[in-house]
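Step one of this worksheet: look at the structure below.
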Amino acid sequence: MRLLSIVHGPDVRAELYDDVVVERRHELDEWSIVDEPSPPRPPAEYDGVLVFGGAMNVDEEDAYPWLRDEDDVLRNLLTDGTPILGVCLGGQLLAKAAGAHVGPAPEPEFGFVRAWLTDGAAGDPLFGSLPREFDVFEAHGYAFHVPEGAVELACSEVCSQAFRLGDRAWGLQFHPEIRVDQVAEWFAEERLENADELVAHLRARRDEWAAFGVSLCDAFLGVVSKFVALSH
């Protein structure tokens, strides 16, 4: 399978998910939409698309004009039925492209927070086998509302954490793809008072969180594989 990774900066790339896709013997092209006007191939030629995080917010189009272009790309991918997995900013951009409100969260979330599955998660290809309660790793100040017609899959006390749109597009508010050193750089830039504590907690749970992330990535690849098979 051929997949596209849309990234929004050098320290917010596919990370762990890059490894998973390559280890499963799939192709992964990276498109830094911040720097390049178009991906290596037209987006419609990819079997699946992964959209990752970024320091900017979805409503900062004047400062980051390429956000408007990305909105068009995601709308077209949704129309075409291309499987999509959006992470943090990527999830927010997916929600926005589907017509949902995205704006400042009631409060920021950084580090591990508790999330709960909704009843809508039953049978979901990515979330259906997760425990009713689980921790997710966060780094965000904005949050998405669930698009009309989508199914909310998980939430925290602060905001929605995941939704599925149709049968092949998912938006996540948390970060299943991260590496510890990457997060240490993020939190240093944010100048969080408890950055060292949050990074130490992630380091202590690194293997557990990586296994969780790999399982979500594999589940998404399974969805992509299913629709590739149906198209042939």
Exercise. Does V136 fit the bill of being under 23 Å from H8 (Cβ atoms), surrounded by fewer than 17 Cβ atoms within 10 Å (Cβ to Cβ), out of contact with any Asp or Glu (no Cβ under 6 Å at 6 or more places or on another chain) and of a type in the set (V, I, T)?
Worked result: no
Seminar exercise, completed: When every residue in the range 201-232 that is over 18 Å from the mean Cα position of the chain (by Cα), free of Cβ contacts under 8 Å to residues at least 60 places away in the same chain and surrounded by 12 or more Cβ atoms within 10 Å (Cβ to Cβ) is compared, the one farthest from D124 (Cα to Cα) is R203
Exercise. In the set E45, E70, E27, which member is crowded, with 23+ Cβ neighbours inside 10 Å, at pLDDT 95 or above, out of contact with any Ser or Thr (no Cβ under 9 Å at 6 or more places or on another chain) and closer than 30 Å to H232 by Cα?
Worked result: E70
For this session: With respect to P37, determine if the residue is touching a residue at least 12 places away in the same chain (Cβ under 8 Å), surrounded by fewer than 19 Cβ atoms within 10 Å (Cβ to Cβ) and either on the phi < 0 side of the Ramachandran plot or among the small types (G, A, S) (or both).
Result: yes
For this session: Take Y64 and decide whether it is farther than 26 Å from V224 by Cα, among the hydroxyl-bearing types (S, T, Y) and either surrounded by fewer than 22 Cβ atoms within 10 Å (Cβ to Cβ) or in contact with a strand residue (DSSP E or B) (Cβ under 6 Å, 6 or more places away or on another chain) (or both).
Result: yes
Exercise. Looking at the range 116-187, what strands (runs of 3 or more DSSP E) fall wholly within it and have at least 2 residues that are touching a Phe, Trp or Tyr at 6+ places or on another chain (Cβ under 7 Å), at pLDDT 95 or above and charged (D, E, K, R)?
Worked result: 133-144
For this session: Tell me which residues, restricted to the range 73-109, are buried (at least 19 other Cβ atoms within 10 Å of the Cβ), in a strand (DSSP E or B) and of a type outside the set (D, E).
Result: I84, L85, G86, V87, V102
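The values are calculated or read from the model by the stated rules, or taken from the named source; none is laboratory data. Only a predicted model underlies this, so the values are computations on that prediction, with no experimental measurement involved. All Cβ positions, glycine included, derive from the backbone under ideal geometry; neighbour counts span all protein chains shown.
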